[in-house]
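Below is one structure; the comments refer to it alone.
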Amino acid sequence: MMGSLQAQYLQTQVFTASPVRLVLLVYQEALRRAAVASGLTDSEHREGAHRAILAVQEAVQVLQENLDSSAGEVAAKMAAIYEYVQQKLVEANMKKEASPLAEVRNILEELRGAWQEIEGKIPA
């Protein structure tokens, strides 16, 4: 029952969100999964770390696929950042180490912060 309520809440959030809020939701999920993966990399739960890292990769792929190429240089720089993040996630998954994940989390947190600033400047 609780799971279905959470799913309904998330569905409502997604269907009623602005484009900027949707981007923030993707960042939020990526950061949540990266935190889970970081906690599992140095333990015996390597399969859980693997699954969490794959989820982060999927979230970053969503961000990559939804870049607006008409944004020119900004989009190109974001694409390069996302590609770097993907490389670090592959490294983290192969080595099952937390340090590449820490770098990924720092990058994603900084980008999320920038999107939060953008959201704050959009009139309600």
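Within the stretch 28-40, count every residue that is touching a Leu at 6+ places or on another chain (Cβ under 6 Å) and crowded, with 19+ Cβ neighbours inside 10 Å. Residues meeting the conditions: 4. Considering every residue within the stretch 41-55, establish whether at least one is buried (at least 19 other Cβ atoms within 10 Å of the Cβ) and under 16 Å from residue 107 (Cα atoms). Checked against the condition, which is being buried (at least 19 other Cβ atoms within 10 Å of the Cβ) and under 16 Å from residue 107 (Cα atoms), the stretch 41-55 yields at least one hit. A single member of 77, 96 is of a type in the set (D, E, K, R) and at pLDDT 95 or above, and it is 77.
The residues in the stretch 75-124 that are free of Cβ contacts under 8 Å to residues at least 24 places away in the same chain and aromatic (Phe, Trp, Tyr) can be counted, and the count is 2. When the stretch 99-124 is filtered for residues that are at pLDDT below 95, in contact with a helix residue (DSSP H, G or I) (Cβ under 7 Å, 6 or more places away or on another chain) and either among the hydrophobic types (A, V, I, L, M, F, W, C) or not in a helix (DSSP H, G or I) (or both), the ones remaining, listed by number, are 115, 118, 122. Looking across the stretch 34-52, the residues that are part of a helix (DSSP H, G or I), touching a residue at least 40 places away in the same chain (Cβ under 8 Å) and not aliphatic (A, V, I, L, M) come down to 38, 41, 46, 50.
Reported count of residues in the stretch 53-70, each being in contact with a helix residue (DSSP H, G or I) (Cβ under 8 Å, 6 or more places away or on another chain), at pLDDT below 95 and assigned to a helix (DSSP H, G or I), is 1. If residue 72 satisfies every condition in (1) in contact (Cβ under 8 Å) with a residue 24 or more places away in the chain; (2) out of contact with any His (no Cβ under 7 Å at 6 or more places or on another chain) but one, which is the exception? Of (1) in contact (Cβ under 8 Å) with a residue 24 or more places away in the chain; (2) out of contact with any His (no Cβ under 7 Å at 6 or more places or on another chain), only one is false for residue 72: (1).
Just wondering, is there one or more residues in the stretch 25-33 that are hydrophobic (A, V, I, L, M, F, W, C), more than 21 Å from residue 91 (Cβ to Cβ) and either in contact (Cβ under 8 Å) with a residue 12 or more places away in the chain or not in a helix (DSSP H, G or I) (or both)? There is at least one residue in the stretch 25-33 that is hydrophobic (A, V, I, L, M, F, W, C), more than 21 Å from residue 91 (Cβ to Cβ) and either in contact (Cβ under 8 Å) with a residue 12 or more places away in the chain or not in a helix (DSSP H, G or I) (or both).
The values are calculated or read from the model by the stated rules, or taken from the named source; none is laboratory data. These figures come from a predicted structure and were not determined experimentally. Note: ideal-geometry Cβ built from the backbone for every residue, glycine included; neighbour counts use all protein chains shown.
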